[in-house]
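The values are calculated or read from the model by the stated rules, or taken from the named source; none is laboratory data. These numbers were taken from a predicted model, which means no experiment stands behind them. We place every Cβ from the backbone using ideal geometry, glycine too, and count neighbours over all the protein chains shown.
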């Protein structure tokens with residue numbers, strides 16, 4: 001069983017199982033029960049806490065501090081008010097927040113900010129544990145749902161005449177002994193959430209007081225949602241539609257990425273969150289549809305010099321025609337990923353390479369040993385509709 | 001998050017992923033009925049913490065992590081009265097004989113892998129997770145994922161049953 005055969009073999013084995021209809025109602029019911037039970041436990045814990053410390057404020061969460069709550073009465077940030085010096089706006093739709101220019105964008109490790117930063121439109125966040133010795137200021141902008149897992153609207157107020165909701169700020173001590181306070185502002189009209197984290201509850205208030213509504217301008221929407229959720233094959237269309245819905249002018253640039261699903265949004269300029277005038281052009285870079293079978297597969301070549309030296313050739317290098325220097329006795333093999341990867345083959349022009357004799361070589365038959373000094377060109381192909389399709393070449397120059 | 005929005009999102013997610021998740025569980029070594037129970041339990045856990053699933057951004061990696069953890073803790077609990085099965089799933093539809101033999105051979109080879117190696121193989125070659133997603137799903141470093149896969153492939157390559165299989169395929 002080789003690496004290329006495995007997916008097909010597992011598919012065939014798995015296809016013998018015919019799963020029943022998913023019991024979605026059961027799951028929804030059970031989850032609801034668990035959540036209610038948790039809520040009851042949390043309230044019970046809070047009552048005990050109040051009893052012990054004898055404080056008159058109701059603690060909503062066992063971990064929550066008795067912070068003064070949101071400073072709703074702070075002066076309104078007028079929509080037309082200029083952005084303070086040394087600050088920039090980041091927005092979701094017409095809901096924006098001013099942050100210091102010194103703040104980075106998405107400067108995180110394992111989802112934990114490693115300096116003061118705005119977090120917007122992040123793709124995958126590594127699920128790993130990483131704690132900083134101090135809590136940096138950050139604000140996490142989300143569309144559609146809060147970044148704060150236990151977000152609960154506590155106060156209803158208005159920002160520049162638009163209804164908004166604010167959670168209670170809660171503080172807790174993290175593993176390194178630092179305090180981290182978190183609070184969220186939700187602007188339902190834009191389905192925008194601003195979750196601020198700071199070392200103190202006052203710090204959270206200071207960040208969230210800078211949420212404002214834009215009259216005309218809008219934030220460039222993020223594209224990760226289109227890429228990672230819903231119908232991925234329509235990611236580009238979905239994203240372009242979201243730009244038009246905001247009155248922006250999309251300009252799509254296609255980039256060829258062999259083996260990649262077409263219509264995947266790879267980048268956008270200006271960046272997500274940037275505040276632009278209505279009608280502005282936004283350049284969307286997306287993966288191009290395949291221009292024939294060769295684009296539907298990604299190819300790679302690896303070689304082993306002596307005991308330890310691996311040398312990788314990328315898909316782009318091979319397609320451009322790569323040259324590699326090896327010694328007699330070294331091995332070199334090709335592999336592919338994607339449609340028709342199974343049919344990968346290598347034609348040899350030259351006599352310095354011989355097909356690997358190691359019977360269990362997972363890359364057979366496209367795995368070779370350098371048997372003599374000289375030059376051999378390997379032409380890598382796949383087979384589509386019975387015909388070979390050339391992917392690229394690797395010229396192996398070898399000496400003793 | 002609105003309850004309705006969450007439930008709808010969950011329903012959509014499950015509708016799209018259910019068959020593949022159940023089949024992954026079978027490849028991990030569950031009998032078909034057990035696989036459905038396992039996936040139901042794992043998805044319910046995800047739904048309880050749906051905000052976390054959303055926040056994880058890479059939902060599939062997160063959901064697979066919950067699935068693997070649920071699978072492992074179930075196995076641990078039942079270790080005394082049951083071993084990971086090399087039992088074959090019942091054939092759901094008629095198959096050509098070669099197909100059955102092939103599937104049997106693959107199933108037997110998977111049973112030769114350690115639980116960790118088997119999970120790595122299933123996540124990579126059936127669930128098509130990237131190494132980074134696998135590292136998240138398995139809660140290990142990306143390097144560990146690579147070495148587990150490499151060792152698993154070595155075991156599979158050394159499996160005499162698979163020489164027969166080569167003859168078939």
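Might you check whether a residue that is touching a residue at least 24 places away in the same chain (Cβ under 8 Å) and touching a helix residue (DSSP H, G or I) at 6+ places or on another chain (Cβ under 7 Å) occurs anywhere in segment A:202-210? The answer is no; no qualifying residue exists.
Quick grid of which residues meet (1) within 11 Å of another protein chain (Cβ to nearest Cβ); (2) without any contact (Cβ under 8 Å) to a residue 24 or more places away in the chain; (3) within 14 Å of residue A:9 (Cα to Cα):
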| position | (1), (2), (3) |
| --- | --- |
| B:119 | no, no, no |
| B:130 | yes, yes, no |
| B:137 | yes, no, no |
| B:142 | yes, yes, no |
| B:145 | no, no, no |
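For residue A:40, are the conditions met, namely being assigned to a helix (DSSP H, G or I), under 17 Å from residue B:14 (Cα atoms) and either modelled with pLDDT under 85 or in contact with a strand residue (DSSP E or B) (Cβ under 8 Å, 6 or more places away or on another chain) (or both)? Answer is no for this residue.
For residue A:91, the test of being at pLDDT 95 or above and either within 14 Å of another protein chain (Cβ to nearest Cβ) or closer than 24 Å to residue A:212 by Cα (or both) is passed.
Candidates in segment A:145-185 are the residues that are within 14 Å of another protein chain (Cβ to nearest Cβ) and assigned to a strand (DSSP E or B); of these, the one that is surrounded by the fewest Cβ atoms within 10 Å (Cβ to Cβ) is A:153.
Filtered by the rule that a residue be surrounded by 20 or more Cβ atoms within 10 Å (Cβ to Cβ) and more than 7 Å from chain A (Cβ to nearest Cβ), segment B:14-34 gives B:21, B:24, B:25, B:28, B:29, B:30. When restricted to residues that are closer than 24 Å to residue A:325 by Cβ, part of a strand (DSSP E or B) and touching a strand residue (DSSP E or B) at 6+ places or on another chain (Cβ under 6 Å), segment A:369-386 contains 9. Looking across segment A:277-297, the residues that are over 30 Å from residue A:381 (Cβ atoms) and surrounded by 18 or more Cβ atoms within 10 Å (Cβ to Cβ) come down to A:282, A:284.
Scanning segment B:36-52 for residues that are in contact (Cβ under 8 Å) with a residue 12 or more places away in the chain and more than 7 Å from every other protein chain (Cβ to nearest Cβ) yields B:38, B:39, B:41, B:42, B:45, B:46, B:50.
Does segment B:147-165 hold any residues that are surrounded by 16 or more Cβ atoms within 10 Å (Cβ to Cβ) and away from chain A (no Cβ under 11 Å), and which are they? Once the filter is applied, which keeps residues that are surrounded by 16 or more Cβ atoms within 10 Å (Cβ to Cβ) and away from chain A (no Cβ under 11 Å), segment B:147-165 yields only B:148. Reported count of residues in segment B:1-13, each being farther than 16 Å from residue B:67 by Cβ and more than 7 Å from chain A (Cβ to nearest Cβ), is 8.
Scanning segment B:21-71 for residues that are in a helix (DSSP H, G or I) and more than 21 Å from residue A:29 (Cα to Cα) yields a count of 18. The single condition among (1) in contact with a strand residue (DSSP E or B) (Cβ under 9 Å, 6 or more places away or on another chain); (2) surrounded by fewer than 18 Cβ atoms within 10 Å (Cβ to Cβ) that residue A:210 does not satisfy is (2). Here residue A:61 clears all of (1) closer than 30 Å to residue B:10 by Cβ; (2) within 12 Å of chain B (Cβ to nearest Cβ); (3) part of a loop (DSSP other than H, G, I, E, B); (4) modelled with pLDDT under 80 except the condition numbered (2). Would you mind finding the one in A:253, A:282 that is closer than 30 Å to residue A:336 by Cα and in a strand (DSSP E or B)? That would be A:253, the only listed residue that is closer than 30 Å to residue A:336 by Cα and in a strand (DSSP E or B). Could you tell me how many of the residues in segment A:341-368 are in a strand (DSSP E or B) and surrounded by fewer than 19 Cβ atoms within 10 Å (Cβ to Cβ)? Qualifying residue count, segment A:341-368: 6.
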